[in-house]
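Please read the structure below before turning to the comments.
The values are calculated or read from the model by the stated rules, or taken from the named source; none is laboratory data. This structure is a prediction, so every number in the text was calculated from the model and none was measured. Glycine gets a Cβ as well: all are built from the backbone with ideal geometry, and neighbour counts include every protein chain shown. Please note that ligands, DNA and RNA were not included when accessible areas were found on the heavy atoms of the full protein model with its side chains. Shrake-Rupley method; radii C 1.70, N 1.55, O 1.52, S 1.80 Å.
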Amino acid sequence: MTTALADFPDMSAISPRPLRAAGLCLSRGGVRLVEGLDLDLAAGGAILLTGPNGTGKTTLMRALAGFVRPDAGTIGIDGQAPEAVAADAMGWLGHADGLKPNETLRRALRFWADLHGTPRTAILPLMRLMAIDALIDRPAGQLSRGQQRRAGLVRVALANRPLWLLDEPAGPLDGNGRERLAGLVAWHRGRGGSVIAATHQPLDWPDARTIDLGDYR
């Protein structure tokens, strides 16, 4: 799939928010998962978190989002604690896509666009880029898991936040979906945004730094 930059919606500019973490130690249920991890993510950057199940990828993502506190170390987004700036700085995609089964994508994505002050005119271009525009009046519960994930990624883009935290974004996607995800991420990075993704899938994102959390146990 080849996507021209002009195919993306015209959205308000974002202000880059650098993320830095130092000496992070994380545990779950009394088991140490991550020890002594440093991160430095500038505007336009991307980090891929890899490693076998149980190495702490989701726990680290939740700590970076401010959902849980690390056992030790510091996390700063533009010099502030994650929980203090999350609403203005982050677009979050967890294992759920933020969709209600009985709600159509039109209604759901309008809600998210309105919530974040993004023009509704951005919805259809983003849906076209993820190849789900024909599903706009379909309830989310009638979509395949991959289609729901594509809609969840549109939701993140509509938030128009500089830092994307994506937990297994490509898990249910086929090859075409992963290619479209890569295009969406490239557009975001080209605007000065940055991305951290936890992934089991190989993701071909240019100049992305890969961190294997298995090296930090």
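Among residues of region 152-174 that are part of a strand (DSSP E or B), those with a beta-carbon under 7 Å from a residue that is basic (Lys, Arg) and crowded, with 21+ Cβ neighbours inside 10 Å at least six positions away or on a different chain give the pairs Leu163/Arg17. Of all residues in region 19-28, none satisfies being touching a residue at least 60 places away in the same chain (Cβ under 8 Å) and exposed (fewer than 13 other Cβ atoms within 10 Å of the Cβ).
Go through the residues of region 81-101 one by one and say whether even a single one is free of Cβ contacts under 8 Å to residues at least 40 places away in the same chain and in a strand (DSSP E or B). Looking through region 81-101, none of the residues is free of Cβ contacts under 8 Å to residues at least 40 places away in the same chain and in a strand (DSSP E or B). Here is a check on your reading of the model: is Leu165 touching a strand residue (DSSP E or B) at 6+ places or on another chain (Cβ under 6 Å) and either at pLDDT 95 or above or within 22 Å of Leu48 (Cβ to Cβ) (or both)? Against the criterion (touching a strand residue (DSSP E or B) at 6+ places or on another chain (Cβ under 6 Å) and either at pLDDT 95 or above or within 22 Å of Leu48 (Cβ to Cβ) (or both)), Leu165 qualifies. Residues in region 102-149 that are among the small types (Gly, Ala, Ser) and either open to solvent by 10 Å² or more (accessible area, probe 1.4 Å) or part of a loop (DSSP other than H, G, I, E, B) (or both): Gly117, Ala131, Ala134, Gly141, Ser144, Gly146.
Scanning region 175-217 for residues that are touching a residue at least 60 places away in the same chain (Cβ under 8 Å), part of a loop (DSSP other than H, G, I, E, B) and open to solvent by 30 Å² or more (accessible area, probe 1.4 Å) yields a total of 4.
Within the option set Ala86, Ala13, Ala46, Ala65, being surrounded by 14 or more Cβ atoms within 10 Å (Cβ to Cβ), among the hydrophobic types (A, V, I, L, M, F, W, C) and farther than 16 Å from Ala198 by Cα holds for one residue only, Ala86.
In region 178-202, what count of residues is obtained for those that are closer than 23 Å to Pro52 by Cα and at pLDDT 95 or above?
8
The set of residues from region 133-149 being basic (Lys, Arg) and over 16 Å from Arg110 (Cα atoms) comprises Arg145, Arg149. Right, Thr74: open to solvent by 10 Å² or more (accessible area, probe 1.4 Å) and of a type in the set (Val, Ile, Thr) or not? Considered against the rule, which asks whether it is open to solvent by 10 Å² or more (accessible area, probe 1.4 Å) and of a type in the set (Val, Ile, Thr), Thr74 comes out as yes.
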